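The next block holds one structure in the form of structure tokens; read it before the comments.
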Amino acid sequence: MGPHGEKFSFAPDRTFAASHLDSKNLVEAMCTGKPSEGGWAFYVAEGKNTEIAEKTAKSGSWIGLSFHGAAEDCRIDLAVVDGGTALCATDDRDAPCGLDVKFTKES
């Protein structure tokens, strides 16, 4: 859950559902508040200075998102932060929490 009600639910089959991604910072990244879905994968090194989203990777410090439907223009990735207890939305790999939206697990 994000600070303004933004929400992601990740499934083991590498799909996700998202809602309320229309907070000020995420709208700037072309995200929508409509419920949306897509696929996710951890980024892995493919070569020097090259990373790709790999569907079989079991862990990583970055999560690549591929949105479908109404939110397909949403261009964010998630950085794993705080020792793996939170995810930060970013549209710039040089700024892991660049969009200033941190997701934490619901209690």
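Consider only pairs whose beta carbons are under 7 Å apart and that are at least six residues apart or on different chains; among these, list those whose first residue lies in segment 70-84 and is closer than 16 Å to Phe16 by Cα and whose second residue is crowded, with 19+ Cβ neighbours inside 10 Å and among the hydroxyl-bearing types (Ser, Thr, Tyr).
Ala70/Thr32; Ala70/Ser36; Ala71/Thr32; Ala71/Ser36; Cys74/Thr32; Ile76/Thr90; Asp77/Thr90; Ala79/Thr90
Out of the residues in segment 23-43 that are part of a loop (DSSP other than H, G, I, E, B) and of a type outside the set (Val, Ile, Thr), state the one that is nearest to Asp91 (Cα to Cα).
If we take residues in segment 23-43 being part of a loop (DSSP other than H, G, I, E, B) and of a type outside the set (Val, Ile, Thr), then Ala29 is nearest to Asp91 (Cα to Cα).
If I ask for residues that are acidic (Asp, Glu) and either at positive phi or part of a strand (DSSP E or B) (or both), which ones from segment 76-107 would you list?
Scanning segment 76-107 gives Asp77, Asp82, Asp100.
Which of the residues belonging to segment 7-23 are touching a residue at least 12 places away in the same chain (Cβ under 8 Å), among the small types (Gly, Ala, Ser) and in contact with a strand residue (DSSP E or B) (Cβ under 6 Å, 6 or more places away or on another chain)?
Passing the criteria: Ala17, Ala18, Ser19.
Mind checking which residues of segment 12-22 are in a loop (DSSP other than H, G, I, E, B) and closer than 15 Å to Leu78 by Cβ?
Arg14, Leu21, listed by residue number.
Given the options Ser61, Ser23, Ser36, name the one that is at pLDDT 90 or above, within 21 Å of Lys102 (Cβ to Cβ) and small (Gly, Ala, Ser).
The match here is Ser36.
The values are calculated or read from the model by the stated rules, or taken from the named source; none is laboratory data. Everything numeric here is computed off the predicted structure, so don't read it as measured data. With ideal geometry, Cβ positions are generated from the backbone for all residues, glycine too; neighbour counts draw on all protein chains shown.
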